[in-house]
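Okay, so here's the structure we're looking at.
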Amino acid sequence: MDYKIIPSVCSYCGTGCGVLFKVLNGRLVGTLPNKTHPVNQGKLCIKGWNLHEYITSCLRLTSPLVKVKGRFHKATWDEAIQVAADHFTSIVDKYGPDSVGVLVSAKMTNEENFLAQKFARAVIGTNNVDHCARL
Ligand code: SF4
């Protein structure tokens with residue numbers, strides 16, 4: 001039996017609680033709070049306690065999906081990003097930059113949220129930026 005405890009950070013929200021993953025024979029089987037982590041000091045909310053469940057869920061998407069004629073198809077990241085970029089470009093060309101917006105997430109880091117608003121303002125040319133905490 002190979003049992004390991006691997007420290008990590010909860011990815012459910014931007015608080016950044018420290019967790020310890022329980023790994024048995026190479027499979028993630030549980031999550032514990034990290035008592036020495038400065039953010040949560042041994043505490044977790046219900047989402048953190050169940051962090052391992054979504055990581056190992058068979059329902060989890062493992063590749064991008066692109067919708068073609070009403071049906072989703074697996075795609076590479078390059079294909080999916082190109083499709084999104086083409087659609088964004090055609091909408092902005094036709095209706096202007098304020099016809100689109102960027103929604104960011106509490107699951108992203110501050111640095112990623114900063115980059116997203118920079119992308120919206122400097123690349124697309126819109127101030128339509130919002131955050132899931134306000135939805
Ligand atoms: S344990 Fe709860 S509060 Fe802590 S990072 Fe995860 S979701 Fe956020």
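Once the Cα atoms are used to define both axes, helix 77-95 deviates from the longest principal axis of the chain by about 40 degrees. Return the long-range amide H neighbours of GLY30 (sequence gap of 5 or more, or a different chain), with a cut-off of under 5 Å between placed amide H atoms. Correct list: LYS22.
Over all directions, how big on average is the projection of the convex hull of the alpha-carbon atoms in the chain, in square nanometres?
Working: hull surface 44.2 nm².
Result: 11.1 nm².
Give me the orientation-averaged projected area of the Cα convex hull of segment 63-135, in nm², one decimal. Projected area, direction-averaged: 5.9 nm².
Report, in cubic angstrom per residue, the convex hull volume of the C-alpha atoms of segment 11-73.
Numbers: hull volume 7.1 nm³, N = 63.
Spread over its residues, the Cα hull of segment 11-73 gives 113 Å³ apiece.
Summarising the amide proton neighbourhood of THR126: residues at separation of 5 or more, or on other chains, whose placed amide H is nearer than 5 Å comprise ARG121.
Helix-only arithmetic for the chain: the sum of -39500 (n - 2.57) across DSSP H runs with n ≥ 4, divided by the residue total, places the mean residue ellipticity at 222 nm at -8000 deg cm²/dmol.
Build a GNM of the chain with springs between Cα atoms under 10 Å apart, and of GLY42, GLY26, GLY18 the one that fluctuates most is GLY26.
Read-outs throughout are calculated quantities, based only on the coordinates presented, and are distinct from any laboratory measurement. None of the values given here were measured: they were computed from a predicted structure.
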